[in-house]
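Following: one structure in structure tokens, then a few remarks.
Here, each number is a calculation from the coordinates, and none is a lab measurement. Just so it is clear, the structure is predicted and the values come from calculations on it, not from any experiment. Backbone-built Cβ (ideal geometry, glycine too); neighbour counts: all protein chains shown.
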Amino acid sequence: MKLPSRRAQASLLASLVLLLLLLIPVVDQLLFRYDWARTTLEDIERRHARLLGLREAGPSIAVALEKARAELARHAYPAEQGGDRIGADLQQRVRQIAERAGVTVVGSQILAARAGEGLEIVPLGLTLETDMAGLRDFLGELAAEQPSIQLDSLAITMQRQRSAQTEGRIRAQIQLNTVHLTS
């Protein structure tokens, strides 16, 4: 058997090298696609496991959501109630609380509401004249209100003693807030 000529061997070798060079991008693309498919499958498996966990936790999430909604209803005015009435209602409620506690409301002012995400904060500025026991009773009754009223700031000054009636009286500058849901 006769071996092919040198020229035939060189031509065959060049053809094999050319074929290998042409196969490199194909093999690279196959490896890339394999790695992409493996990564995508792992991601889908993680997402599927997370969804199964959420499905199993669904009833407890629903119970927690209802508890949160009930708690929110205790502490905030509902979205159905008009935003323009919240300040006036807060002012009226605070005046009634002050009256029950024996506190004199010298002045009150509904301040500009501050918008938040899904809610607005409605502030009320107050000036009260009372003694320390009256202030304690007033603040105690505020804590029991629903929707809740939050104390934002409190500044107390002693009143000048003009007579025996004003002895031990204080003037309190208070800023209160309440929350109104907007959505």
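Arranged by the count of other C-beta atoms within 10 angstrom, fewest first, what order do H75, H48, H180 take? Please report the intermediate quantities before stating the final value.
Values: H75 15, H48 10, H180 24.
Neighbour counts put them in this order, fewest first: H48, H75, H180.
If you build the convex hull over the alpha carbons only and average its shadow over all orientations, what do you get for the chain? Give it in nm² to one decimal.
23.2 nm²
If you line up the long axis of helix 6-75 against the longest principal axis of the chain, both from Cα atoms, how many degrees apart are they, to the nearest 10?
Between helix and principal axis, roughly 20 degrees.
Projected onto the charge dipole of the chain (+1 at Lys/Arg Cβ, -1 at Asp/Glu Cβ, origin at the Cα centre), which of G58, A88, L12 gives the Cα projection farthest towards the positive end?
Going by the charge dipole, the pick is L12.
As a test, work out the antiparallel percent of DSSP beta bridges whose residues both lie in the chain, rounded to the nearest 5. Kindly include the intermediate steps, with their values, before the conclusion.
On the way: 28 of 30 bridges.
DSSP beta bridges in the chain are roughly 95 percent antiparallel.
What does the net charge come to around L41 if you take all other residues with beta carbon closer than 13 Å to its beta carbon, with K and R at +1 and D and E at -1?
Combined, the nearby Lys, Arg, Asp and Glu give 0.
Count the net charge of all other residues whose Cβ sits under 13 Å from the Cβ of L52, scoring Lys and Arg as +1 and Asp and Glu as -1.
In short, +2.
Any chance you could run the full-extension gain for A8 through D152? It's 0.36 nm times the residue separation minus the Cα-Cα distance, nm to one decimal. Intermediate results must be reported in sequence, preceding the final value.
Details: separation 144, 0.36 × 144 = 51.84 nm, distance 9.55 nm.
Contour length minus the Cα-Cα distance gives 42.3 nm.
Comparing V27, V63, V106, which has the greatest mean-square fluctuation in the GNM of the chain with Cα pairs linked when under 10 Å apart?
Among V27, V63, V106, the largest GNM mean-square fluctuation belongs to V27.
What net charge do the residues around A14 carry, taking every other residue with its C-beta under 14 Å from that of A14, with Lys and Arg at +1 and Asp and Glu at -1? Could the numbers behind the result be given before it?
Values: positive: R6, R7; negative: none.
Charge balance near A14 sits at +2.
Treating only the Cβ of Lys, Arg, Asp and Glu as charged (+1, +1, -1, -1), what charge dipole size does the stretch 1-87 show about its Cα centre? Round to the nearest 20 debye.
Details: 13 positive and 10 negative charges, 133 e Å.
Here the stretch 1-87 has a charge dipole of around 640 debye.
On a 0 to 90° scale, report how tilted helix 132-144 is relative to the longest principal axis of the chain, with both axes built from alpha carbons and the result rounded to the nearest 10.
40 degrees
How big is the charge dipole of the stretch 83-181 about its Cα centre, in debye rounded to the nearest 20, if each Lys and Arg gets +1 on its Cβ and each Asp and Glu gets -1 on its Cβ?
360 debye
With +1 on the Cβ of every Lys and Arg and -1 on the Cβ of every Asp and Glu, and nothing else charged, how large is the dipole of the chain about its Cα centre, in debye rounded to the nearest 20?
1060 debye
Can you give the translational diffusion coefficient of the stretch 83-181 in µm²/s, computed by Stokes-Einstein from the Kirkwood radius over Cα pairs at 25 °C and 0.890 mPa s?
Roughly 175 µm²/s, to the nearest whole number.
Using the alpha-carbon atoms, what tilt in degrees (0 to 90, nearest 10) does helix 83-101 show relative to the longest principal axis of the chain?
40 degrees
Pop out the Kirkwood hydrodynamic radius of the stretch 8-77 from its pairwise C-alpha distances, inverse of mean 1/r, in Å to one decimal.
17.7 Å
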